[in-house]
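S.K.: Quick one: this structure, given as structure tokens, is what I'll be asking you about.
The values are calculated or read from the model by the stated rules, or taken from the named source; none is laboratory data. In this text, all values refer to a predicted model and were calculated from it rather than measured experimentally. Using ideal geometry, Cβ is built from the backbone for each residue, glycine included, and neighbour counts are taken over all protein chains shown.
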Amino acid sequence: MGQVYLARSDRGRTVAVKLVREELAAQEEFRARFRQEVQAARQVGGYWTAPVLDADTEAAVPWVATGYVAGPSLQQVVGHDHGALPERSVRILAAGLAHALEDIHAAGIVHRDLKPSNVLVTIDGPRVIDFGIARALETVTDGGLTRTGALVGSPGFMAPEQVRGDRITPACDVFCLGSVLAYAATGKLPFGAGGSGVHALMFRIAQEEPDLTGVPEGIAELVRDCLKKDPAKRPTLVQVLERTGAEDTVSDGRSRDPWLPSALVAQLGRHAVQLLDAEDPEGPGAESGAGPGPGASSGAGSAEASPEHASASASADDTPPIPGRPGGGPPLNHLPTAVAGQGIQTPPPLPPPAPNGPGQPQLPYGPTP
């Protein structure tokens, strides 16, 4: 949807600022939907999502600022850093995501694009980002052809009703939750990757049963029920919580006991140190405020976030490249996007600085379509 920048509020809080691409900003229908979705996203509360702090949907370059979450995406953790998670971790992941979706649905929003790159992994528990963005993108026009109601989402994690263009309800997010849990438990997509083509993948989602080989027996039935073709036959989020067996383990945005393997906890600790280094006010570009960094992605597809998260998107199966820190230093891995806080200093309603300008780095994730 655009580029994401690491920034600070006037109170010194680290935030993520997502700028809308110029071609989208030029479409009044998109602006109207974006305005509506940002307003709804402001109402999302709870501990399991990234809160929206501020926004200017009327600016020449519309933007939205969210809380900054210091943690990699589930896609990064499973696909690159660690591999499949153990059953206990997946159960607690399911409970945290169910809580997040309850909060999102309570605000009248259906996420529509829940996928591993939109789930940030922290030591306390998972955090969901980019809710509401997919719906705004449904209004995008391309070459004068209105795409309202067009297919929006990530093919490997879409629900059958999205593939068919049917009415979308909260049950859509339950199906996507099942796909995310299957991926977390096995490192594989339940309907296969897109190597055989997107259309073949969509056919499997709409018509065939998921491949849950490798999903632990203790959660396989829950995952299978979430992946029912008929939305009415999927469990509710309350039922998902009950069936995780972890509803008493998670509360107030955290798991009471460590929920991740020790090696992954250690890795998250090292990642936190990198983030502290990146936020060093004495570091390179400190005097120039928020600005873009090298290698930022502006494509559509997936998102990542962290402590109060910040996220963006790339493609259904790809993780965007992670840029290095301007002026040297370690790469800023997994800077996520989230919604949280107040008192954001309003960015000027002008186009962002040139991609190679000085200042804080762009978040390593391109916005989600």
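S.K.: In contact with a Pro (Cβ under 8 Å, 6 or more places away or on another chain) and farther than 23 Å from Ser179 by Cα: which single residue out of Val78, Val4, Val38, Val90 fits that description?
M.R.: On the way: Val78 fails: farther than 23 Å from Ser179 by Cα; Val38 fails: in contact with a Pro (Cβ under 8 Å, 6 or more places away or on another chain); Val90 fails: farther than 23 Å from Ser179 by Cα.
Selected residue: Val4, the only one of Val78, Val4, Val38, Val90 that is in contact with a Pro (Cβ under 8 Å, 6 or more places away or on another chain) and farther than 23 Å from Ser179 by Cα.
S.K.: Return yes when Leu201 is farther than 17 Å from Glu87 by Cα and modelled with pLDDT of 95 or more and no when it is not. Even if it seems obvious, please write down each step before you answer.
M.R.: Values: farther than 17 Å from Glu87 by Cα: yes; modelled with pLDDT of 95 or more: no.
No, not satisfied.
S.K.: Oh, and also: Do we have Leu241 as touching a Ser or Thr at 6+ places or on another chain (Cβ under 8 Å) and either of a type in the set (Val, Ile, Thr) or touching a residue at least 24 places away in the same chain (Cβ under 8 Å) (or both) here? Steps first, answer last, please.
M.R.: Working: touching a Ser or Thr at 6+ places or on another chain (Cβ under 8 Å): no; either of a type in the set (Val, Ile, Thr) or touching a residue at least 24 places away in the same chain (Cβ under 8 Å) (or both): yes.
Here the answer is no, as Leu241 does not meet what is asked.
S.K.: Same structure, new question: If you go through the stretch 55-72 one residue at a time, do you hit one that is over 20 Å from Gln3 (Cβ atoms) and modelled with pLDDT of 95 or more?
M.R.: No, the conditions are met nowhere in the stretch 55-72.
S.K.: Here is a further query. Does Gln39 fit the bill of being without any contact (Cβ under 8 Å) to a residue 40 or more places away in the chain and out of contact with any Asp or Glu (no Cβ under 9 Å at 6 or more places or on another chain)? Steps first, answer last, please.
M.R.: Numbers: without any contact (Cβ under 8 Å) to a residue 40 or more places away in the chain: yes; out of contact with any Asp or Glu (no Cβ under 9 Å at 6 or more places or on another chain): yes.
Yes; evaluated as a whole, the condition is true for this residue.
S.K.: Additional query: Answer yes or no: is there a residue in the stretch 42-60 that is within 21 Å of His105 (Cα to Cα) and of a type in the set (Phe, Trp, Tyr).
M.R.: Looking for residues that are within 21 Å of His105 (Cα to Cα) and of a type in the set (Phe, Trp, Tyr), one finds at least one in the stretch 42-60, hence yes.
S.K.: Based on what the data block shows, is Asp124 closer than 20 Å to Asp252 by Cβ and at pLDDT below 95?
M.R.: When the stated conditions are applied, Asp124 passes them.
S.K.: Restricting attention to the stretch 201-237, and to residues there that are assigned to a helix (DSSP H, G or I) and in contact with a Cys (Cβ under 9 Å, 6 or more places away or on another chain), which single residue is surrounded by the fewest Cβ atoms within 10 Å (Cβ to Cβ)? Walk me through it before giving the result.
M.R.: First pass over the stretch 201-237, keeping only residues assigned to a helix (DSSP H, G or I): 201-207, 217-226, 231-233, 237.
Narrowing further to those that are in contact with a Cys (Cβ under 9 Å, 6 or more places away or on another chain): 226, 231.
Numbers: Cys226: 27, Pro231: 18.
Taking the candidates together, the pick is Pro231.
S.K.: Of everything in the stretch 175-205, what is in contact with an Asp or Glu (Cβ under 9 Å, 6 or more places away or on another chain) and among the aliphatic types (A, V, I, L, M)? Give them in sequence order.
M.R.: Ala182, Ala185, Leu189, Ala193
S.K.: Looking at the stretch 32-47, is at least one residue in contact with a helix residue (DSSP H, G or I) (Cβ under 7 Å, 6 or more places away or on another chain), crowded, with 19+ Cβ neighbours inside 10 Å, outside any loop (DSSP other than H, G, I, E, B) and not hydrophobic (A, V, I, L, M, F, W, C)?
M.R.: Start the filter on the stretch 32-47 by keeping residues that are in contact with a helix residue (DSSP H, G or I) (Cβ under 7 Å, 6 or more places away or on another chain), which leaves 33-34, 37, 44-46.
From what's left, crowded, with 19+ Cβ neighbours inside 10 Å: 33-34, 37, 44.
Subsequent filtering for residues that are outside any loop (DSSP other than H, G, I, E, B) retains 33-34, 37.
Going one step further and asking which of them are not hydrophobic (A, V, I, L, M, F, W, C), we end up with 33, 37.
Looking for residues that are in contact with a helix residue (DSSP H, G or I) (Cβ under 7 Å, 6 or more places away or on another chain), crowded, with 19+ Cβ neighbours inside 10 Å, outside any loop (DSSP other than H, G, I, E, B) and not hydrophobic (A, V, I, L, M, F, W, C), one finds at least one in the stretch 32-47, hence yes.
S.K.: On the given criteria, is Gly253 surrounded by fewer than 18 Cβ atoms within 10 Å (Cβ to Cβ) and more than 21 Å from Gln76 (Cβ to Cβ)? Talk me through it step by step, then tell me what you get.
M.R.: Details: surrounded by fewer than 18 Cβ atoms within 10 Å (Cβ to Cβ): yes; more than 21 Å from Gln76 (Cβ to Cβ): no.
No.
S.K.: If the requirement is being closer than 30 Å to Ala220 by Cβ and in a helix (DSSP H, G or I), which of these qualifies: Glu102, Glu29? Lay out the reasoning, then the answer.
M.R.: Values: Glu29 fails: closer than 30 Å to Ala220 by Cβ.
Within the list Glu102, Glu29, the selection yields Glu102.
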